[in-house]
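These notes concern the structure reproduced below.
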Amino acid sequence: MKTIKEGEVRKREILHVARELFIRKGYEQTSVNDILKIVDIAKGTFYYYFASKEEVLEAIILDIVEEGAKRAEKILRDKSVPLVNRIMMAIMAQAPEFEGSDEIKEEMHKVENTKLEQLYLKAMLKRMTPLLQEPVSEGVDQDIFHMEYPTECIESILLLGHMLFDCDIFEWEMEEYPKKIQAFLSNIERMMGTKEGELNSFLQMFGQMP
């Protein structure tokens, strides 16, 4: 048991150092040797935990998904917050909050790193969809939402939000964002079958995302 615990600590240390280096130097400019020097381990020890530098980045991406899910769980547990607000805030909590997260996201969204993008999407949907199912079902029971396919609606909203605001594939100008965000919120209202204008209060919060 002790060996397993120590091994997990060592693995977390490698991931922590690698994340810092990827942010500071860039993924391409960081070598396995750079990581080894700081963690102070032999190359064989590194490869015991990770087959490659890419596998380290994959693990970091899964960590980012888990960090977002933990934030969402905390938000959803707070019953003092209105149900609709909790759901929207949980969705918004998927945006990475650590300093330098843009560098990790940039690497993930590169065309040549499609595998990493798919890894994030699959992990995010798998982790977040079940978390949101209960509050969304609660909203249906309370006659706040009116939808035929709650699970698929959640998946669509998570995917749409990610593609529109996280990937930067549209290369919008800053002045375009208010209209895009308003349209996104309006579409969520239609998808969830809630009343028009229900999500207007989130316009300013979403506007801080780009």
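Since every read-out is calculated from the coordinates, none of them should be taken as a lab result. All values derive from a computational prediction rather than experimental measurement. Note that each Cβ is placed from the backbone with ideal geometry, even for glycine, and that neighbours are counted across all protein chains shown.
Summed over all non-identical Cα pairs, the Kirkwood treatment of the stretch 5-113 gives a radius of 15.4 Å. Counting every C-alpha pair in the chain, the share spaced more than 29 angstrom apart comes to 34%. Here the translational diffusion coefficient of the stretch 1-50 follows from Stokes-Einstein with Rh set to the Kirkwood radius across Cα pairs; for 4 °C and 1.567 mPa s it amounts to 116 µm²/s.
Among Asp40, Asp166, the order by Cβ neighbours within 10 angstrom, fewest to most, reads Asp40, Asp166.
Between the C-alpha center of the stretch 90-156 and that of the stretch 30-50 there is a gap of 32 Å.
Working note: Karplus 6.51/-1.76/1.60 with θ = phi - 60° gives the stretch 44-52 the couplings x, 5, 4, 6, 5, 9, 9, 6, 6 Hz, where Gly and Pro are set to x. A helix-only calculation puts the chain at -22500 deg cm²/dmol for mean residue ellipticity at 222 nm, using -39500 (n - 2.57) for each DSSP H run of at least four residues, averaged over all residues.
Loop-resident GluC sites (Glu not before Pro) (DSSP state other than H, G, I, E or B) in the stretch 1-92 with no more than 13 further Cβ atoms inside 10 Å of their Cβ: Glu28. Over the Cα atoms of the stretch 109-177, what is the Rg over Rh ratio if Rh follows Kirkwood? Result: Rg/Rh = 1.08.
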